[in-house]
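This report refers to the structure that appears directly beneath it.
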Amino acid sequence: MLHSRRISAVRLAAAAAIGLAGIASASAETKWDMPTPYGDSNFHTMNIAEFAKDISEKTGGSLTIQIHSAGSLFKHPEIKNAVRKGLAPIGEVLVSRLSNEDPVFGVDSVPFMANSYDAAWKLYQASKPLLEQKLEAQGLQLLFTVPWPPQGIYTKKEINTIDDLKGLKFRAYNAATERLAQLADAVPTQVEVPDLPTAFSTGRVEAMITSPSTGANSKAWDFLTHYYDTQAWLPKNMVFVNKAAFDGLADAEKAAILEAAATAETRGWEASKTETAEKTKVLADNGIKVLEPSAELQEALKGIGATMVSEWEASAGDDGKAVVEAYSKQ
Ligand code: PCA
């Protein structure tokens, strides 16, 4: 036991050293591997592809980034720690995947706390100093965030009241979606986006809450029939770097990354807005019934949201108070 543990520790250190070796030689050509969780046709991945191209152009090819999408290099739950350990120098995750580590990471997924682009941007600005601080404590640096379109409910049957969700096997993608499912008396199961078609077609799950993007990218019409535009929250993805890897770059390369990141953030927020209408239309064009939730359903969801806001505030303590106060002043 002891022996095997030592071997794995040595292996891990060796892997980390290999990971960082490419980074240290800033004067030569540096190639960074970048794990991301979502597929190539998703607008986040497309935005990151532009970001990578931009960096390569700005640095005259001295720094290039190779994207490994759809969890192909590291699976979504592993990406943050892979970057933290230097196994990959840069990566993308859904911020709220980390809410189990610290409630601050989950603030953008509390239902109805900020459910428009304007509110989501303000909440981002209000929470950014703490977000950066929490990442820095892990040797990570935030580069940019981009929100998903507002979240709506997908089902295989008509949903008129919250009771219609009772007992449904409900796909979750973070702690908040799991909690929402519990509060609706549904049964949550975590499933990553690349696994959605299989999970639905084998009956592991039968309903979900996500964006029109993820519904359209996963061809939801193959296994679902109804989409309720509840506009419950706009969760963000973030792109972040291993601070030591970043510090090992030449100054011009660091500047190129920061400039490309600022551009990617602006472009990504705009793309997300365009995406909302475009992908909602794709759902409708492919036969999904795109519907407004009934007043009764929406009220019940807001009730669940209110419970979750209190729970979030209680768990986030002083950090939570600071974010809420900064948000109210935005
Ligand atoms: N798509 C991702 C996160 C939120 C979204 O719209 C997902 O469904 O996992």
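The values are calculated or read from the model by the stated rules, or taken from the named source; none is laboratory data. Fair warning: this is a prediction, and the values are worked out from it, not measured in the lab. Note that we place each Cβ from the backbone using ideal geometry, even for glycine, and neighbour counts take in every protein chain shown.
Miscellaneous remarks
- Residues located in region 207-236, provided they are touching a Pro at 6+ places or on another chain (Cβ under 8 Å) and not hydroxyl-bearing (Ser, Thr, Tyr): Pro212, Lys219, Asp222, Phe223, Asp229, Gln231, Ala232, Trp233, Leu234, Pro235, Lys236
For every residue, the table says whether it meets (1) basic (Lys, Arg); (2) at pLDDT below 95; (3) out of contact with any Asp or Glu (no Cβ under 7 Å at 6 or more places or on another chain).
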residue: Ile18; (1), (2), (3): no, yes, yes
residue: Ser25; (1), (2), (3): no, yes, yes
residue: Pro37; (1), (2), (3): no, no, no
residue: Phe43; (1), (2), (3): no, no, no
residue: Ile55; (1), (2), (3): no, no, yes
residue: Leu63; (1), (2), (3): no, no, no
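- Summed over region 251-260, the residues that are of a type in the set (A, V, I, L, M, F, W, C) and surrounded by fewer than 21 Cβ atoms within 10 Å (Cβ to Cβ) give a count of 3.
- Candidates in region 155-185 are the residues that are more than 23 Å from Val93 (Cα to Cα) and within 16 Å of the ligand (Cβ to nearest atom); of these, the one that is surrounded by the fewest Cβ atoms within 10 Å (Cβ to Cβ) is Lys169.
- Per the listing Phe200, Phe240, Phe246, Phe223, the residue uniquely of a type in the set (A, V, I, L, M, F, W, C), closer than 20 Å to Asn286 by Cα, at pLDDT 95 or above and away from the ligand (no atom under 13 Å from the Cβ) is Phe223.
- Residue ID - surrounded by the fewest Cβ atoms within 10 Å (Cβ to Cβ), chosen from residues in region 31-68 that are among the β-branched types (Val, Ile, Thr) and assigned to a helix (DSSP H, G or I): Thr45
- All of (1) out of contact with any strand residue (DSSP E or B) (no Cβ under 7 Å at 6 or more places or on another chain); (2) assigned to a helix (DSSP H, G or I); (3) free of Cβ contacts under 8 Å to residues at least 60 places away in the same chain hold for Ala199 with one exception: (1).
- The single residue among Ala181, Ala216 that is in contact with a strand residue (DSSP E or B) (Cβ under 7 Å, 6 or more places away or on another chain), over 30 Å from Lys243 (Cα atoms), assigned to a helix (DSSP H, G or I) and at pLDDT 95 or above turns out to be Ala181.
- The residue pairs whose first member lies in region 86-99 and is within 12 Å of the ligand (Cβ to nearest atom), whose second member is assigned to a strand (DSSP E or B) and of a type in the set (Lys, Arg), and whose beta carbons are closer than 9 Å, counting only pairs six or more residues apart or on different chains, are Leu94/Lys236; Val95/Lys236; Ser96/Lys236.
- Hits in region 196-228 (condition: among the charged types (D, E, K, R) and surrounded by fewer than 18 Cβ atoms within 10 Å (Cβ to Cβ)): Arg204, Lys219, Asp222
- Members of region 93-129 that are among the aromatic types (Phe, Trp, Tyr) and crowded, with 19+ Cβ neighbours inside 10 Å: Phe105, Phe112, Tyr124
- Selection of region 135-151 for residues being surrounded by fewer than 18 Cβ atoms within 10 Å (Cβ to Cβ) and either on the phi < 0 side of the Ramachandran plot or within 16 Å of the chain's Cα centre (by Cα) (or both) yields Glu136, Ala137, Gln138.
- Top-ranked residue of region 259-284 - restricted to ones that are hydroxyl-bearing (Ser, Thr, Tyr) and either in contact with a strand residue (DSSP E or B) (Cβ under 7 Å, 6 or more places away or on another chain) or not in a helix (DSSP H, G or I) (or both), ranked as farthest from Gly152 (Cα to Cα): Ser272
- Contact map, region 220-238: first residue more than 20 Å from Lys302 (Cα to Cα) and assigned to a loop (DSSP other than H, G, I, E, B), second residue hydroxyl-bearing (Ser, Thr, Tyr) and more than 13 Å from the ligand (Cβ to nearest atom), Cβ cut-off under 7 Å, separation 6 or more or different chains; pairs are Phe223/Ser201; Leu224/Thr155.
- Every residue from region 208-218 that is touching a helix residue (DSSP H, G or I) at 6+ places or on another chain (Cβ under 7 Å) and within 14 Å of Phe170 (Cα to Cα): Ile209
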